[in-house]
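Some notes on the structure that comes next.
The values are calculated or read from the model by the stated rules, or taken from the named source; none is laboratory data. Since we're looking at a predicted model, the values are computed, not measured. Reconstructed Cβ throughout: ideal geometry from the backbone, glycine too, with neighbour counts over all protein chains shown. Note: accessible area is taken over every heavy atom of the protein model, side chains too, but ligands, DNA and RNA are not part of it. Shrake-Rupley method; radii C 1.70, N 1.55, O 1.52, S 1.80 Å.
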Amino acid sequence: MNVIKSRFVYHLMAIITVAIWGTTFVSTKILIQHGLSPSDIFFYRFTLAYLCMWCISYKKLFANRVKDELLLLLAGLCGGTIYFITENTALGITLASNVSLIVCTSPVLTTLLSYLFRRKEPFTRHLVYGSIMALIGVGLVVFNGSFILKINPLGDILSLTAALMWAFYCLILKQLDNHYSIVFITRKVFFYGVLTILPMFLFRPLNWDNILMMQPIVFGNLLFLGFVASMLCFIAWNACVKELGAVKSTNYIYIVPLVTLLTSAVIINEKITWIALTGCFLILCGVYLAERKTNPTFEAKS
């Protein structure tokens, strides 16, 4: 019973985490409207998150092995710099609906990569059917009754790259979580995320304006993105991946468009159609089906 309760807590934690991530588009949009670029926002939110993490985890500086340190570097690069830059750049050159839909293929990619490279997590019929159902639901929610799909090779490739990077990030975590604490891993991810974004500022200098940064709306949104959406959510997400596995945790990414849809309706009064509501239903059913515990169709070999 205690084990069931414990796993329920991690499932709930994953849902809350992706729900918060589903609202971050509002903060990001506000900051961009005030003159900050996507790279500026990423740098500030990860730097703030790293400083907060340093206050609670500072004794251990490096991993035990060079290989593990390199994996931490890859985690910061994949789950931080490359993911955010490719996704935000794609938003600037292709339709947001394209980006949202393609990025939500991350759970499918995680499942495939996990089975191909790790072969330790079960590949079940329920997982496959649930993923397909949820992805169809994501499509309905993203388009929300306006079926406009415009092919933009560069933008779509960048979106797919973002989805692939998040899948790799989750799998990298599984290589490390048995050897290091969640807090240590999360702090190192933020550190390498900040470190690997610095070359971007050689081409576009970091925007630092004291008057702008001290505006309550700017400072408040950066604080939310850095402390809540980055520090707390990354700790929670990394813990969920450790406990539930990369595949089951990543399936909750399907909920992000649903939260974004509801947030848009409440904050910026976007219309919700019956098509979007149908998509919400399919997402919830798909995630439930994918998360059901059944005997695997293809049992991974050790």
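Quick notes on this one:
- Area of Val183 that stays accessible when all protein chains are in place (1.4 Å probe, Å², to 10): 50
- Local net charge near Val183, Cβ-Cβ under 13 Å (Lys/Arg +1, Asp/Glu -1): +4
- Heavy-atom accessible area, probed at 1.4 angstrom with all protein chains present, ranks Met133, Met214 as Met214, Met133, highest first.
- Extension gain, Ile157 to Asn178, is 4.2 nm, computed as 0.36 nm per intervening residue step minus the present C-alpha separation.
- Projected area, mean over directions - segment 158-248, Cα convex hull, nm²: 7.4
- Largest to smallest accessible area among Trp21, Trp208, Trp54 [probe 1.4 Å]: Trp208, Trp54, Trp21
- Net charge in the neighbourhood of Val103 (other residues with Cβ under 15 Å of its Cβ; Lys, Arg +1, Asp, Glu -1) is -2.
- Accessible surface for Phe8 stands near 130 Å², nearest 10, in the context of the full protein assembly shown (1.4 Å probe).
- Ser27 accessible area, 1.4 Å probe, all protein chains in place, Å² to nearest 10: 10
- Computed from label points 7 Å out along Cα-Cβ, the spacing between Arg204 and Lys67 is 3.8 nm.
- At R0 = 35 Å, FRET efficiency that the Cβ-Cβ distance of Ile275 and Ile32 yields, to 0.05: 0.80
- When each of Lys67/Lys174; Lys188/Lys242; Lys29/Lys242; Lys29/Lys188; Lys188/Lys248; Lys60/Lys174 is checked by Cα-Cα distance, pairs over 22 Å: Lys29/Lys242; Lys29/Lys188; Lys188/Lys248
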